[in-house]
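Rule-based calculations on the coordinates, nothing more; no lab input. None of the values given here were measured: they were computed from a predicted structure. Here the Cβ positions follow ideal geometry from the backbone for every residue, glycine too, while neighbour counts run over all protein chains shown.
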Amino acid sequence: MSVPTLFLLGASHHTAPLELREKLALAGGKLDALQRALQSVAGLGEFTVLNTCNRVEIYGVAAQSGTVAGLQAAFCALNQMDAAVFEQIRFELHDRSALQHLLEVAAGVDSQMLGETEILGQVKGAYAAAHARNTTGPVLNRVFQKVFQAAKHVRTHTAIGEGQISVASVAVDLALKIFGDLRQCHVLVLGAGEIGEKTARAFRSRHAGQMTVTSRRFGRAEELARTFEARAIPFDHMAEALPESDIAVCSTAAPEAVVTRAMAAAVMRARALRPLFFIDLAMPRNIDPGVADLPNVFLYNLDDLAKIAEENLAQRRAETDRVRALLAEKAGTLWQQVEPRLGGNHTGA
């Protein structure tokens, strides 16, 4: 490859099943550890790490031919993943192709739920964190600023975001199908971050009955509880709240399961024959997959909800080709601005 080069190395829901994506998820202190490790990779001048439920992608500027290989080795070592396994799920793009991909990601075209809006905020957050750590420079600063403008333009001038499609709305609609009426249901929200808040809001909009919120940050749980007229409990009281809950939504940043099969089995014994609906929106997953084997337990994860959402995506899918063509044009324009900042000869491949 020509050097220096703008590159992307990553894995996403397109290439990796849920079981592998959660092994790559940079939960807990892993993201900080990776960023520290990458600063010692030879030839890596700038970089930004995008870490979401459905993807881990590293955008950077490589000044040497072996830079991306060194980055990949550091990434696999941190995640304790065999290099051969990662080779099967990774993808690597360069220059204009990397720009095109980032544009499609930010615009929601590459999302598991086509056209979802949360991804733009996540891309902005990833760039802001990298900028604060001084790991961006003249190339990535220009790239991300122009990408944000393009994503906003696409949202404004196309129908890619039409209709209510989100993890939260799909989860609540699924609960309605299972229970019929949510007014008598007790909802437990585990995790008071952005996803937890959106899910709580969606349940309130469907007139869910009682709601309990818990989080490792109890102050945040109390804040969210006040917003939705719910009660807040300490996180270590979660097991006590589960038996009285009909629906449990999990979206914490815990690096391991917070609801085990043994815990769920004990809960179901206390509930007799009443069904319990688990919605696992976390990455890595918060709920042991074995919970789904228990009688009267319904467990859905991110991939399950994405499949259900397919039924609601007709209008957005019709816009996909138009949006990609628009973004390809913008990628070409942006590449003309970025290439001189890299120096050297590039093919744009």
For this session: Pull out a ≥ b ≥ c, the square roots of the eigenvalues of the alpha-carbon gyration tensor of the chain, then state rounded if a/c is under 1.5, prolate if not and a/b is larger than b/c, and oblate in the remaining case.
Result: prolate
For this session: Just list whichever of K23/K152; K146/K307; K23/K177; K30/K124; K30/K330; K23/K330 have alpha carbons separated by over 30 Å in the model shown.
Result: K23/K152; K146/K307; K23/K177; K30/K330; K23/K330
For this session: Using a 10 angstrom cutoff on alpha carbons, build the Gaussian network for the chain and name the most mobile of K177, K146, K330.
Result: K177
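Ordered by packing density, taken as the mean number of other Cβ atoms within 10 Å over each peptide's residues, highest first, how do 245-256, 35-46 rank?
Values: 245-256: 21.4, 35-46: 16.4.
Averaged packing, sorted descending, gives the order 245-256, 35-46.
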For this session: Quick one: net charge around A325, please, counting Lys, Arg +1 and Asp, Glu -1 for every other residue with C-beta under 13 Å from its C-beta.
Result: -1
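Please get the size of the charge dipole for the chain, origin at its Cα centre, with Cβ charges of +1 on Lys and Arg and -1 on Asp and Glu, quoted in debye to the nearest 20.
Numbers: 36 positive and 37 negative charges, 131 e Å.
Using only the charged Cβ atoms, the result is roughly 620 debye.
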Problem set entry | Value at 222 nm in deg cm²/dmol, rounded to 500, when DSSP H runs of n ≥ 4 in the chain each add -39,500 (n - 2.57) | -15500 deg cm²/dmol
Exercise. Using the beta-carbon distance between I178 and L20 and R0 = 25 Å, what value does 1/(1 + (r/R0)^6) give for FRET efficiency, to the nearest 0.05?
Worked result: 0.30
Exercise. In nm, what is the difference between 0.36 nm times the number of residues separating R217 and A27 and their Cα-Cα distance?
Worked result: 66.8 nm
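What does the C-alpha gyration tensor say about the overall shape of region 167-309? Classify as rounded when a/c is under 1.5, otherwise prolate if a/b is larger than b/c, or oblate. Show your work: numbers first, answer last.
Details: a/c = 1.21, a/b = 1.11, b/c = 1.09.
Taking the square roots of the gyration eigenvalues as a ≥ b ≥ c, region 167-309 is rounded.
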Problem set entry | Distance (nanometres) between label positions extended 7 Å along Cα→Cβ at T227 and R142 | 3.9
For this session: Name all residues of region 1-39 having a backbone nitrogen under 13 Å from the label point set 7 Å from the Cα of M81 along its Cα→Cβ direction, giving them as ranges.
Result: 9-27
Seminar exercise, completed: Between L188 and residues 5 or more places away or on another chain, the pairs with built amide H atoms under 5 Å apart involve T212, D246, I247, A248, V249
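Please report the net charge: other residues with Cβ closer than 11 Å to the Cβ of E19, K and R +1, D and E -1. Display every interim value, and only then the final one.
Numbers: positive: R21, K23, R285; negative: E22, D303.
Net charge around E19: +1.
Where Lys and Arg each count +1 and Asp and Glu each count -1, what net charge lies around D181 among other residues with Cβ under 12 Å from its Cβ? All intermediate terms of the calculation are to be shown ahead of the outcome.
On the way: positive: K177, R183, R206; negative: D246.
Counting the neighbours of D181, the net charge comes to +2.
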For this session: With a ≥ b ≥ c taken as the square roots of the eigenvalues of the C-alpha gyration tensor of region 13-110, please select rounded if a/c is under 1.5 and otherwise prolate if a/b is larger than b/c or oblate if it is not?
Result: rounded
